1. Which condition does PRO299 not pass, out of (1) under 26 Å from GLU25 (Cβ atoms); (2) not in a loop (DSSP other than H, G, I, E, B), if it passes all the others?
2. Within the group GLY220, GLY228, GLY244, which residue is more than 18 Å from ILE377 (Cβ to Cβ), small (Gly, Ala, Ser), at pLDDT 95 or above and buried (at least 23 other Cβ atoms within 10 Å of the Cβ)?
3. Quick one: how many residues across the range 104-156 are of a type in the set (Val, Ile, Thr), more than 21 Å from ARG39 (Cα to Cα) and in contact with a Lys or Arg (Cβ under 6 Å, 6 or more places away or on another chain)?
4. Hey, does the range 272-287 have a residue that's within 20 Å of GLU140 (Cα to Cα), assigned by TED's automatic domain parsing to the domain that holds ASN366, at pLDDT 95 or above and among the hydrophobic types (A, V, I, L, M, F, W, C)?
5. Condition first: under 22 Å from ARG137 (Cα atoms) and either at pLDDT below 90 or among the polar types (S, T, N, Q) (or both). Now tell me which residues in the range 58-87 satisfy that.
6. Of these, ILE5, ILE37, ILE71, which one is farther than 30 Å from PRO299 by Cβ, exposed (fewer than 14 other Cβ atoms within 10 Å of the Cβ), among the aliphatic types (A, V, I, L, M) and in contact (Cβ under 8 Å) with a residue 12 or more places away in the chain?
7. Inside the range 118-154, can you point out the residues that are buried (at least 20 other Cβ atoms within 10 Å of the Cβ) and in contact with a Pro (Cβ under 7 Å, 6 or more places away or on another chain)?
Amino acid sequence: MNICIFEDEKYIDFFPLTLSRPVFELRTGTMTIKEKICRLFYSEKTFLATRPYLKDVFKEGIKKISFDVPIGHTLFINGRVIPDESLKNSISPEGEEKLFFAKKTLIGAWVKNGKEFWEKLKEGRIEDYKKEEITARTVEYPWDLINYNGEEIKKEFKLFGSNVRTQKNVAMIGKRNIFIGEGTIIMPGTVIDVEDGPVIIDNETRVMSNTFLKGPLYIGKSCLIKAGSRIYGSTSIGDVCKVGGEVTETIFQGYSNKQHEGFIGHSYIGEWVNIGADTNNSDLKNNYKEVKVYINNKPVNTGLTFVGTFIGDHAKTAINTMLNTGTVIGFSTNIFGEGFPPKFTPSFSWGGKRRFSIYKLEDAINTAKIVMQRRSISMTDAY
């Protein structure tokens, strides 16, 4: 059986995070949506259907995955689905061809010819297929990933298992729902609180002294948690990040830095982001009303009172930057200067409250190359 994870037209509602990756490469819990689907629906080879310009970037170095939709029997799964056992039981890859919907969203499809179905789906010609209504969890906007994050960490803790190696002068509060990866070092004076959920610290990570970690929390591989950090529950930090200051209910995609004091909460931070010292974001309005976020330069009511900031890849904030509730910062944008910048800043912008100019593409590429080389990663032609 072939598995094909696909993007639908809703990927644009996750900009700027999905400008540089498929929606199924976004993270919630301890892994990406793609990794969750592949783990639940095992197949010898997985196929991915995404935008053409992303294929060459993400196919490099990936085994057992193809970006060409297969011809034979195929189970399609929407890349915005947060999969669970209930979904696996609802989508049956057997019998007659069938489409599975949750309200108006196509969750999955079991078809005899994947390539033929994919072409029909893109053209909107799927009315002849039998349809079945199911229940499924999906993400509609970036803040949904944050809302699922804590429960996903709790659910996925069993994949790691409890591994509490004796740590000298480290205080542990609550039951021992702690995983400490191979090669990870936790310095004296650290406090790990698992009363509300597990703490997972993956391989080769270093936690410096006098840090407070509260679960549910996931810290990825090869990270550095700076001395005196306070990292609260429902936070996921992807691989190769450096994090300090205060963080709560936030997702770091990976390869990003927030090394200094300052608060980031209820936010999603892309890759290769640098957050300057004493950058703070608001995640609650003074009037306690629901927060609106600009998606594709249009305001969307989140229905939530706690919403932080959403920062695209390669963006940077200067020291003492202030970010308003629900701020969106585009891909490769530089924010600096006094006062609050606009709540929506387009990609490749350079400036702050007073004015913005266009960040020249050549300059942006040169800076990105330097940043990536500092992590021993070379920018490919496809990137």
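1. Status for PRO299: all satisfied but (1).
2. Answer to the selection: GLY244.
3. Residues meeting the conditions: 1.
4. Within the range 272-287, none of the residues are within 20 Å of GLU140 (Cα to Cα), assigned by TED's automatic domain parsing to the domain that holds ASN366, at pLDDT 95 or above and among the hydrophobic types (A, V, I, L, M, F, W, C).
5. Within the range 58-87, THR74, ASN78, SER86 meet the criteria.
6. When all the criteria are applied, what remains is ILE71.
7. GLY150, ILE153
Residue by residue, here is whether (1) under 20 Å from ILE269 (Cβ atoms); (2) touching a Cys at 6+ places or on another chain (Cβ under 8 Å); (3) among the polar types (S, T, N, Q) holds:
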{"position": "GLU290", "(1), (2), (3)": "no, no, no"}
{"position": "VAL293", "(1), (2), (3)": "yes, no, no"}
{"position": "THR309", "(1), (2), (3)": "yes, no, yes"}
{"position": "ALA315", "(1), (2), (3)": "yes, no, no"}
{"position": "ALA318", "(1), (2), (3)": "yes, no, no"}
{"position": "THR333", "(1), (2), (3)": "yes, no, yes"}
{"position": "SER349", "(1), (2), (3)": "yes, no, yes"}
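The values are calculated or read from the model by the stated rules, or taken from the named source; none is laboratory data. Everything quoted here is computed from the prediction, not taken from an experiment. Note: ideal-geometry Cβ built from the backbone for every residue, glycine included; neighbour counts use all protein chains shown.
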